[in-house]
Amino acid sequence: MSDPAATATATATDDASHIEKLYEFGERLSESKDKSQNVKDYQGIMDAAKTSIKAKQLAAQLIPRFFKFFPELSSQAVETQIDLIEQEELGVRVQAIRGLPLFCKDTPEYLSKIVDILVQLLAAEEIVERDAVLKALMSLLRQDVKASLSALFKHIGTVEEPSTDELIREKVLSFVRDKVFPLKGELLRPQEEMEHHITDLIKKEDVTGAEFRMFMDFLKKLSIFGDKAPSERMKELVGIIEGQADLDSAFDVTHVSDTDHIDRLISCLYMALPFFLRGASSSRFLNYLNKHIIPVFDKFPEERKLDLLKALAEISPFTLPQDSRQILPSVVQLLKKYMPRRKSGEEMNFTYVECLLYAFHHLAHKAPNATNSLCGYKIVTGQPSDHLGEDFSEFYTDLTERLSSVEDLTRATMKKLTQGMAEHNKAMAAAKSDEAKDIIKTQKQNTTTGLRTCNNILAMTKPLHSKTPLFIGDKSINLSWKEVAKPSVPSTTVSAG
């Protein structure tokens, strides 16, 4: 029967022997002028990495330190370090992780492999181990930001075909968001070159809506897309958004109930709006709406219809004349659909009508004579497209009848809303609990929005009765769901023609 004390003493003696040998190997290598001659010493370090815990910890420091001098042993050295990373003892793992960036300091060809190893360790459970991984990755980013970012982004992959398991993908995205993005000023050097590089990496990613918003929020903060950036840069950003919106593929009407594509389109439209304001073209979005979305508009769920019409209204001020001319017939058709004829008994969706009237005014402002053959107007521009010699009076009669019907319905609704507001005020005065007050407050806000919608409708129908209307192409109409801008013109009046 073995003596435990004797066994422990023997183990301690072996440990001491291994450590002593490691120090000898390390000293000889440090002092050697031509370290490549000390192959046996380096091999001895790797052999010692298979012995005691303390020897493994010391070997984990020495293997990366002298790695560059022994290219013929490089594969074995990296494999030995990986073995140390997979050890049960936390101290050994942490020491091995800390040594990883040294492999790349003078041998950059190993950087991508080392990033791959560290990425797999981002899911480590031990805090001290995870901290070592994060520090190692940051060290690599500071060594070679371009190669490190390229290696990191490979692990984001695509939503449909992730290049790694979903947990690792999320960890990489979190690392990029929490560690890389906040240090963009420090890491992205030289600034312009690296900002272009990370933009190119982001362009290639196929990500979820939330992830895409995160990337776009980051890109907007880069100096190459700043306030003084030329319109070409805004076009580049819109191009990235167009890619996410999947404007190259036709909209599948058979899957219209699957709202992912349409949600993505609407989200991307809103994301692109600020860049339209700064000179980027809205043409592709507008053409996609005209070609693929408006023709199947009836098949959408109600809430998607409203979202789409709001998006159409908000994009309309940023259209080019040729795009406006193309989509105007579709908008006029929708207007006729949602503006009921007199005494038809149809109900009217006021927000739909507000959206469509707003879009119509802004589009017609860009291509006024296109409305001659659509609405029976008589706008002279001297172009053949005026169609002045043709009779479109029936369209004019139909439109003005619908406008009058809309105005009657709108005034009647305003009367009800105004009475409702008075009732809300009385109820608020009588309300006892905070809960009751919150409910009434929401009702008042809805009524206020309803009144703004009605005011907008009357302001936009009034000029359309004329045979030669002036289309509203400025910011005098503030859409009811938008925050009220500081008035630069008097408030819209209720009276209309």
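Being part of a helix (DSSP H, G or I), farther than 30 Å from I327 by Cα, open to solvent by less than 40 Å² (accessible area, probe 1.4 Å) and not basic (K, R), is that true of even one residue in the range 355-368? No, that holds for no residue. Set side by side, the residues K203, K135 differ, and just one is open to solvent by 80 Å² or more (accessible area, probe 1.4 Å) and either of a type in the set (G, A, S) or in contact with a Gly (Cβ under 8 Å, 6 or more places away or on another chain) (or both), which is K203.
Residues that are among the polar types (S, T, N, Q), open to solvent by 20 Å² or more (accessible area, probe 1.4 Å) and modelled with pLDDT under 90 do occur in the range 329-345. Candidates are the residues of the range 220-241 that are open to solvent by 20 Å² or more (accessible area, probe 1.4 Å) and under 15 Å from the mean Cα position of the chain (by Cα); the one that is farthest from S281 (Cα to Cα) is K221.
Run down L286, L273, L335 and say which single residue is assigned to a helix (DSSP H, G or I) and either on the phi > 0 side of the Ramachandran plot or in contact with a Ser or Thr (Cβ under 8 Å, 6 or more places away or on another chain) (or both).
Numbers: L273 fails: either on the phi > 0 side of the Ramachandran plot or in contact with a Ser or Thr (Cβ under 8 Å, 6 or more places away or on another chain) (or both); L335 fails: either on the phi > 0 side of the Ramachandran plot or in contact with a Ser or Thr (Cβ under 8 Å, 6 or more places away or on another chain) (or both).
Result: L286 is the single residue among L286, L273, L335 that is assigned to a helix (DSSP H, G or I) and either on the phi > 0 side of the Ramachandran plot or in contact with a Ser or Thr (Cβ under 8 Å, 6 or more places away or on another chain) (or both).
Scanning the range 160-218 for residues that are within 22 Å of M271 (Cα to Cα), of a type in the set (D, E, K, R) and not in a helix (DSSP H, G or I) yields E205, D206. Reported count of residues in the range 405-437, each being of a type outside the set (A, V, I, L, M, F, W, C) and closer than 14 Å to K336 by Cβ, is 1. The residues of the range 389-399 that are crowded, with 17+ Cβ neighbours inside 10 Å and outside any helix (DSSP H, G or I) amount to a single one, F392. Filtering the range 430-451 to residues that are modelled with pLDDT under 90 and open to solvent by 80 Å² or more (accessible area, probe 1.4 Å) leaves only K432. In the range 118-129, the residues that are free of Cβ contacts under 8 Å to residues at least 40 places away in the same chain and assigned to a helix (DSSP H, G or I) reach residues that are open to solvent by 20 Å² or more (accessible area, probe 1.4 Å) and hydrophobic (A, V, I, L, M, F, W, C) with C-beta atoms within less than 8 angstrom, at least six apart or across chains, in these pairs: V128/L90; E129/L90; E129/L121. If you check R304, R284 for being in contact with a helix residue (DSSP H, G or I) (Cβ under 7 Å, 6 or more places away or on another chain) and open to solvent by 60 Å² or more (accessible area, probe 1.4 Å), only one passes: R284.
The values are calculated or read from the model by the stated rules, or taken from the named source; none is laboratory data. Owing to the predicted nature of the structure, the values given are computational and were not obtained by experimental measurement. Please note: Cβ atoms are built from the backbone with ideal geometry, for glycine as well, and neighbour counts cover all protein chains shown. Heads up: the accessible areas ignore ligands, DNA and RNA and are worked out on the full protein's heavy atoms, side chains in. Shrake-Rupley method; radii C 1.70, N 1.55, O 1.52, S 1.80 Å.
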